[in-house]
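Peer 1: Sharing a structure below in structure tokens format, with a few things to ask.
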Amino acid sequence: MAKFFDKVMDLSPIIRLWRQYSAGDIDSIEMVLIDSNGDTIHATVNEDVVSIFESFLEEGDSKILINFSLSQACGSYRLTKHPYKIWFQATTRIRLCDDSPYRLTGFTHVNFREILDGTLSLEYLIDIMGEIVEVTHVEIVSLNGKDTEKISLLLKNEEDVRLPLVVWGKVALDLSEAIQLLSDRTLICVMKFVKIKVWKDERSVCNAYNVSAVSLNPFIEEVEAFAKLLPKKNISLAIVQSKPFSIVSMMSEEEDYFVKMPQKTISDILETRKVSVFSII
């Protein structure tokens, strides 16, 4: 059951923000928040209060939240390992917060071996970082009855462990253009909130709807430290043919549904005061 808290939470900053749409209208604003201890939590602004808060929320902002409700975090493809999730209420208040003296990004990249050997759970989205050693041209493929852009990459870490990555949609076009512009240098790809995929016991990763964020050679400490571990001799970027579509696919319609759709328990729904669409866990 969701519980209401007359509580203050100091957040610095909003490390990820995106909007969920339904029939062209905003269904909710989804965020991943981080506190001064580096702990992260998923937060949702539902449709009935979006108009109150939308203009006050931007990715990267530091805010203080006052009066919000919490419910148990549950379901598949979770964004954080925090046991609870924040829900904004009409009585929630937002105040400006001084930026933290530390640059908190919430970026915690996992070891490729833990992805490939099955150590990591499929229930959580993860962060990855690796040097791009292979890339395909952008393809247009039919996915769930729609034409969709696709680009396949092979990343390697400092131990030379290789991880297949597939990026879909407009992000694939943007990433392909960025790779072409920067192809004369070592390319370190950073992706946050990606999905682990399994096909015939082979593991890979792909982006998850509009949740995932991708960047090349971002100016963060983790990338600087990673670059120092790579061989000084640059590896030429290889342009390769795409692997068979079935080997590394995007999320199925069922998986995509769970990422997009707000999830509530039955007790949470009983407290909802408007007509909404949820998945029940």
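The values are calculated or read from the model by the stated rules, or taken from the named source; none is laboratory data. All of these numbers come straight from a predicted model, not from anything done at the bench. Cβ sites come from the backbone with ideal geometry, for glycine too, and all protein chains shown count toward neighbours.
Peer 1: Filter segment 17-52 for residues that are among the charged types (D, E, K, R), assigned to a strand (DSSP E or B) and either at pLDDT below 95 or out of contact with any Leu (no Cβ under 9 Å at 6 or more places or on another chain) (or both) and give the result. Working first, answer last.
Peer 2: As a first pass, look at segment 17-52 and keep what is among the charged types (D, E, K, R): 19, 25, 27, 30, 35, 39, 47-48.
Of the ones still in play, those that are also assigned to a strand (DSSP E or B) are 19, 25, 27, 30, 35.
The answer is R19, D25, D27, D35.
Peer 1: Every residue in segment 79-96 that is farther than 29 Å from V194 by Cβ and part of a loop (DSSP other than H, G, I, E, B), please. Give the steps one after another, and end with the answer.
Peer 2: Narrowing segment 79-96 to residues farther than 29 Å from V194 by Cβ: 89-96.
Of everything in segment 79-96, those that are farther than 29 Å from V194 by Cβ and part of a loop (DSSP other than H, G, I, E, B) turn out to be Q89, A90, T91, T92.
Peer 1: Just checking, does segment 88-99 include any residue being hydrophobic (A, V, I, L, M, F, W, C), under 21 Å from the mean Cα position of the chain (by Cα) and closer than 27 Å to V190 by Cα?
Peer 2: Let us first name the residues in segment 88-99 that are hydrophobic (A, V, I, L, M, F, W, C), namely 88, 90, 94, 96-97.
Narrowing the set further to residues that are under 21 Å from the mean Cα position of the chain (by Cα) leaves 88.
Then keep just the ones that are closer than 27 Å to V190 by Cα; that gives none.
Taking every residue of segment 88-99 in turn, none turns out to be hydrophobic (A, V, I, L, M, F, W, C), under 21 Å from the mean Cα position of the chain (by Cα) and closer than 27 Å to V190 by Cα.
Peer 1: Scanning for something part of a loop (DSSP other than H, G, I, E, B) and at pLDDT 95 or above, does segment 165-186 turn up at least one residue?
Peer 2: Start the filter on segment 165-186 by keeping residues that are part of a loop (DSSP other than H, G, I, E, B), which leaves 169, 182-186.
Next cut, at pLDDT 95 or above only: none.
No, every residue in segment 165-186 fails to be part of a loop (DSSP other than H, G, I, E, B) and at pLDDT 95 or above.
Peer 1: Only residues that are within 21 Å of A227 (Cβ to Cβ), in contact with a Lys or Arg (Cβ under 9 Å, 6 or more places away or on another chain) and hydrophobic (A, V, I, L, M, F, W, C): list them for segment 149-181, please.
Peer 2: Those that are within 21 Å of A227 (Cβ to Cβ), in contact with a Lys or Arg (Cβ under 9 Å, 6 or more places away or on another chain) and hydrophobic (A, V, I, L, M, F, W, C): L154, L155, V161, L163.
Peer 1: So how many residues does segment 138-189 have that are β-branched (V, I, T) and under 17 Å from L216 (Cβ atoms)?
Peer 2: Taking segment 138-189 and keeping what is β-branched (V, I, T), we get 138, 140-141, 148, 151, 161, 166-167, 171, 179, 186, 188.
Filter once more, keeping what is under 17 Å from L216 (Cβ atoms): 138, 151, 166-167, 171, 179, 186, 188.
Number satisfying all stated conditions: 8.
Peer 1: Of the residues S76, S55, S69, S100, only one is of a type in the set (S, T, Y), at pLDDT below 95 and either in a strand (DSSP E or B) or surrounded by 19 or more Cβ atoms within 10 Å (Cβ to Cβ) (or both); which?
Peer 2: Values: S76 fails: either in a strand (DSSP E or B) or surrounded by 19 or more Cβ atoms within 10 Å (Cβ to Cβ) (or both); S55 fails: either in a strand (DSSP E or B) or surrounded by 19 or more Cβ atoms within 10 Å (Cβ to Cβ) (or both); S100 fails: either in a strand (DSSP E or B) or surrounded by 19 or more Cβ atoms within 10 Å (Cβ to Cβ) (or both).
Result: S69 is the single residue among S76, S55, S69, S100 that is of a type in the set (S, T, Y), at pLDDT below 95 and either in a strand (DSSP E or B) or surrounded by 19 or more Cβ atoms within 10 Å (Cβ to Cβ) (or both).
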